[in-house]
1. Picking from 73, 19, which residue would you name as being more than 13 Å from residue 134 (Cβ to Cβ) and not in a helix (DSSP H, G or I)?
2. When the residues of the stretch 82-97 are filtered to those that are among the acidic types (Asp, Glu) and either assigned to a strand (DSSP E or B) or touching a Pro at 6+ places or on another chain (Cβ under 8 Å) (or both), which remaining residue is nearest to residue 42 (Cα to Cα)?
3. Answer with yes or no whether residue 103 is modelled with pLDDT of 95 or more and either over 23 Å from residue 70 (Cβ atoms) or touching a His at 6+ places or on another chain (Cβ under 6 Å) (or both).
4. Any idea how many residues of the stretch 20-45 are surrounded by fewer than 18 Cβ atoms within 10 Å (Cβ to Cβ) and closer than 17 Å to residue 120 by Cα?
5. Answer yes or no as to whether residue 50 is closer than 14 Å to residue 117 by Cα and touching a residue at least 12 places away in the same chain (Cβ under 8 Å).
6. Could you list, ordered by first residue, the pairs with Cβ atoms under 6 Å in which the first is in the stretch 62-75 and closer than 16 Å to residue 47 by Cα and among the basic types (Lys, Arg) and the second is surrounded by 19 or more Cβ atoms within 10 Å (Cβ to Cβ) and at pLDDT 85 or above, at least 6 apart or interchain?
7. For the condition within 11 Å of the chain's Cα centre (by Cα), hydrophobic (A, V, I, L, M, F, W, C) and part of a strand (DSSP E or B), what is the one hit in 63, 79, 44?
Amino acid sequence: MKDALIADEVRVAIDSDTDIVAVRQSGRDLAAHYGLPSTDLVGVATAISELARNILRYAARGVIILRLVDDYDKRGVEVLAADAGPGIRDVALAMEDGFSTSGSLGLGLPGVRRLMDEFEIRSEFGKGTTVTARKWIGLGWRPLELDDWFARFKRAWAKGAWRSRA
């Protein structure tokens, strides 16, 4: 994942269930402040919840850092979840739907990857895990400058704006 400029940052220590609620709301508020559409707000909040829940389940404590990021042509929200827990022995296996060491449905990390636009995981067995995920505003949409120009021209033509008013 390439670096982006960081505009703002919120750090939330995760060591209880109430922290999951707090960090989820902080992430939702930050994303809303930056202009993410409501459907993306739900996705970001869900991803944060999954990452915070994993910290509690597997490492007991950690931190989630929420950032507003700007990458010149796009901007968005970055979620960084870090812990000093046991780490993940096989990251590739952990990223498969249905894999779980805790008896859950095994949708956490793969779900986070699907909900966010960028996803990176680093884990060292016995030392901890760091997940970085980003959701970009309007990724996949490009300005329709030429189409917009044609639409405006068509409206102006229909109104007779092309006629001289001499």
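The values are calculated or read from the model by the stated rules, or taken from the named source; none is laboratory data. Please read all numbers here as calculations on a predicted model, not as lab measurements. In this analysis, Cβ positions are derived from the backbone assuming ideal geometry, glycine residues included, and neighbour counts consider all displayed protein chains.
1. On the way: 19 fails: not in a helix (DSSP H, G or I).
Sole residue among the options that is more than 13 Å from residue 134 (Cβ to Cβ) and not in a helix (DSSP H, G or I): 73.
2. Across the stretch 82-97, the extreme among qualifying residues is 97.
3. Details: modelled with pLDDT of 95 or more: no; either over 23 Å from residue 70 (Cβ atoms) or touching a His at 6+ places or on another chain (Cβ under 6 Å) (or both): yes.
Against the criterion (modelled with pLDDT of 95 or more and either over 23 Å from residue 70 (Cβ atoms) or touching a His at 6+ places or on another chain (Cβ under 6 Å) (or both)), residue 103 does not qualify.
4. Adding up the residues that qualify gives 0.
5. On the way: closer than 14 Å to residue 117 by Cα: no; touching a residue at least 12 places away in the same chain (Cβ under 8 Å): yes.
Against the criterion (closer than 14 Å to residue 117 by Cα and touching a residue at least 12 places away in the same chain (Cβ under 8 Å)), residue 50 does not qualify.
6. Note: pairs meeting the criteria are 67/78.
7. None of the others qualify; the one that does is 79.
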